[in-house]
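First the structure, in the form of structure tokens, and then the observations on it.
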Amino acid sequence: MAEKAVRGTFLDFIDDPWKHVGDEAAATRFHVDGLLVTEDGIITDFGPYDEIAPKHPGIEITEIRDRIILPGFIDGHIHLAQTRVLGAYGEQLLPWLQKWVFPEEHKYAERDYAEEGTKHFFDNLLASGTTTAQTFTTGNLLCNEVFFEEATKRNMRMIAGLTGIDRHVPDYFANTPEQYYADSKTLIEKWHGTGRNLYAITPRFGFGASNELMAATQRLKEEFPDTWVNTHISENPAEIHGVLALHDDCTDYLEVYEKYGLVGPKFTGGHGVWLSDGEFRRFSESGAAVAFCPSSNLYLGSGLFRLGRATDPEHRVLLSVGTDMGGGNRFSLLNSLEDGYKVGMLNNTILDGSIVPSQQDLAESERNKLSAFRAFYLLTRGGAESLYIDDLVGTFDIGKEADFVALDYTAGPPAAPWHASLLLEKAGDGPLSLETVSDLLFGIMMVSDERAVDQTWVMGELAYQKA
């Protein structure tokens, strides 16, 4: 393939904005008129147009005007087989799984249904600007084959694996530990590192896994140490009580995974709503990550994730944002950012309700604030770092895979264009400033939705164009 380039307004992150309180712009890289050069889907040059273009005479350039271009969004926690039941009414986590989720996921044992559902899943990801996702599939081998086949066809960077569960689940849905081990090994050997596919050993959650299934998970991780581990943790109080009743040798939920040797780099625990301070510290010390799923946590009434505690610089936890679709009722990570902002504000109301807030409370309150730069850092570089794929995606660095999204800051519901016009009016004539871009991005995450996604590019190729 020949070299080609995209010209437009680019923003990515060179650092964590939480490290730059009062000067978050220092964590950004912004080119109001930039040029991104790619070859065979890999970024080969990037910078201001006037500096980069003369080095590539005659190169084919696609111009993207009146848009903000960011690295492709990374969803740290989502469920393939819940695509059709997102928005199911009226239950908290455990009864919701029994009533809606397990029956729907079971349908993916049939190839025709799995293929149809998987195509819907990937179409919705691209329409939402998501180019990478750490994905729960089902416990069925065929469903996982279909997922990896479709991911390969789309040439998207995906992390997924067969989901293991053998407790508190209908008989028709359960794995056996032996089947889980054998099928997982088959999938790892076939798909892990094939194309852009990566494999995650996936015990669904501690409440749904017998000691034997957890031991099979440990064996897989020992035999294939470069794989990922993806699971749930501390999402719902009833779930936590159930887990600790099954593992009375453990003092908290994280210890269940620790005793099977799963916690460390490339481990992600989804939700973490009810993690203790000690668990947060152990996440930080081990290099494990949490997927923050605010839309789902609000929708299922699970609770409020302590974003300010997770971002404590003394014990910083690696974080991604997850839609947790269909516990989350949208594919759009932009909507997850909206809910994440509100979760932070509600947590601050709780902290501010203290009669005499401590200095620690005041510091945590500041860290709960989800600014535009903090938010989009989590969807890009921060998400990549949490999943240990920041050598591949998440920024516009030379050598990275050219996944990116072009956001239309005037699109969305009827209120969005007029809101954006106020921000542009305040900015005055001339090119966009970084301050204005920050305001526009905050407007996108709070006022708009996936309609702001104008284009999604995968490996330097246009994969989605809004009609």
Per the filter on the range 36-57, residues over 32 Å from the mean Cα position of the chain (by Cα) and not basic (Lys, Arg) are 50, 51, 53, 54, 56, 57
Which listed residue, of 302, 284, is touching a His at 6+ places or on another chain (Cβ under 7 Å) and surrounded by 22 or more Cβ atoms within 10 Å (Cβ to Cβ): 302
Out of everything in the range 135-157 that is in a helix (DSSP H, G or I) and in contact with an Asp or Glu (Cβ under 7 Å, 6 or more places away or on another chain), what residue ends up being farthest from residue 457 (Cα to Cα)? 141
Tell me which of these residue 38 doesn't satisfy, since it passes every other one: (1) within 30 Å of residue 364 (Cβ to Cβ); (2) of a type in the set (Val, Ile, Thr); (3) in contact with a Ser or Thr (Cβ under 7 Å, 6 or more places away or on another chain). (1)
Within the range 345-361, can one find any residue that is of a type in the set (Ser, Thr, Tyr), buried (at least 22 other Cβ atoms within 10 Å of the Cβ) and either in contact with a Gly (Cβ under 8 Å, 6 or more places away or on another chain) or more than 24 Å from residue 267 (Cα to Cα) (or both)? no
Look through 239, 235 and report the one residue that is charged (D, E, K, R), crowded, with 24+ Cβ neighbours inside 10 Å and in a loop (DSSP other than H, G, I, E, B). 235
Would it be correct to say that residue 404 is under 24 Å from residue 36 (Cβ atoms), in the same structural domain as residue 135 (by TED's automatic domain parsing) and crowded, with 20+ Cβ neighbours inside 10 Å? no
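Before we move on, is residue 456 farther than 28 Å from residue 316 by Cα, out of contact with any strand residue (DSSP E or B) (no Cβ under 6 Å at 6 or more places or on another chain) and either without any contact (Cβ under 8 Å) to a residue 60 or more places away in the chain or not assigned by TED's automatic domain parsing to the domain that holds residue 308 (or both)?
Taking the combined requirement at face value, the residue does not satisfy it.
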In the range 388-411, the residues that are in contact (Cβ under 8 Å) with a residue 40 or more places away in the chain and out of contact with any strand residue (DSSP E or B) (no Cβ under 6 Å at 6 or more places or on another chain): 388, 389, 397, 399, 401, 409, 410, 411
Return the total of residues in the range 163-199 being at pLDDT 95 or above and assigned to a helix (DSSP H, G or I). 15
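Rundown of residues vs (1) surrounded by fewer than 21 Cβ atoms within 10 Å (Cβ to Cβ); (2) among the hydrophobic types (A, V, I, L, M, F, W, C), yes/no style:
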residue	(1), (2)
297	no, no
307	no, yes
312	yes, no
323	no, no
331	no, yes
339	no, no
383	no, no
387	no, yes
Yes or no: residue 254 crowded, with 23+ Cβ neighbours inside 10 Å and either outside the structural domain of residue 200 (by TED's automatic domain parsing) or assigned to a loop (DSSP other than H, G, I, E, B) (or both)? no
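Table: residues versus (1) within 17 Å of residue 258 (Cβ to Cβ); (2) of a type in the set (D, E, K, R); (3) touching a residue at least 24 places away in the same chain (Cβ under 8 Å).
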| position | (1), (2), (3) |
| --- | --- |
| 194 | no, no, yes |
| 209 | yes, no, yes |
| 222 | yes, yes, yes |
| 237 | no, no, yes |
Among residues of the range 409-461 being loosely packed, with under 15 Cβ neighbours inside 10 Å and at pLDDT below 90, the residue nearest to the chain's Cα centre (by Cα) is 426
Members of the range 410-442 found to be farther than 30 Å from residue 290 by Cβ and either assigned by TED's automatic domain parsing to the domain that holds residue 126 or among the aromatic types (Phe, Trp, Tyr) (or both), listed by number: 418
Name the residue that is surrounded by the fewest Cβ atoms within 10 Å (Cβ to Cβ), counting only residues in the range 67-120 that are more than 19 Å from the chain's Cα centre (by Cα), among the small types (Gly, Ala, Ser) and at pLDDT 95 or above. 109
Note: among 216, 209, 174, 182, just one is assigned by TED's automatic domain parsing to the domain that holds residue 145 and touching a helix residue (DSSP H, G or I) at 6+ places or on another chain (Cβ under 7 Å), namely 216
In the range 358-403, how many residues are over 18 Å from the mean Cα position of the chain (by Cα) and assigned to a helix (DSSP H, G or I)? 9
For the range 122-136, what are the residues that are surrounded by 24 or more Cβ atoms within 10 Å (Cβ to Cβ) and charged (D, E, K, R)? none
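Restricting to the range 380-403, count the residues that are of a type in the set (A, V, I, L, M, F, W, C) and out of contact with any Asp or Glu (no Cβ under 9 Å at 6 or more places or on another chain).
Count: 2.
The values are calculated or read from the model by the stated rules, or taken from the named source; none is laboratory data. The shown structure was predicted, so the numbers you read here are calculated from the model rather than taken from an experiment. Methodologically, a virtual Cβ is constructed for each residue, glycine included, from the backbone with ideal geometry; neighbour enumeration extends over all protein chains shown.
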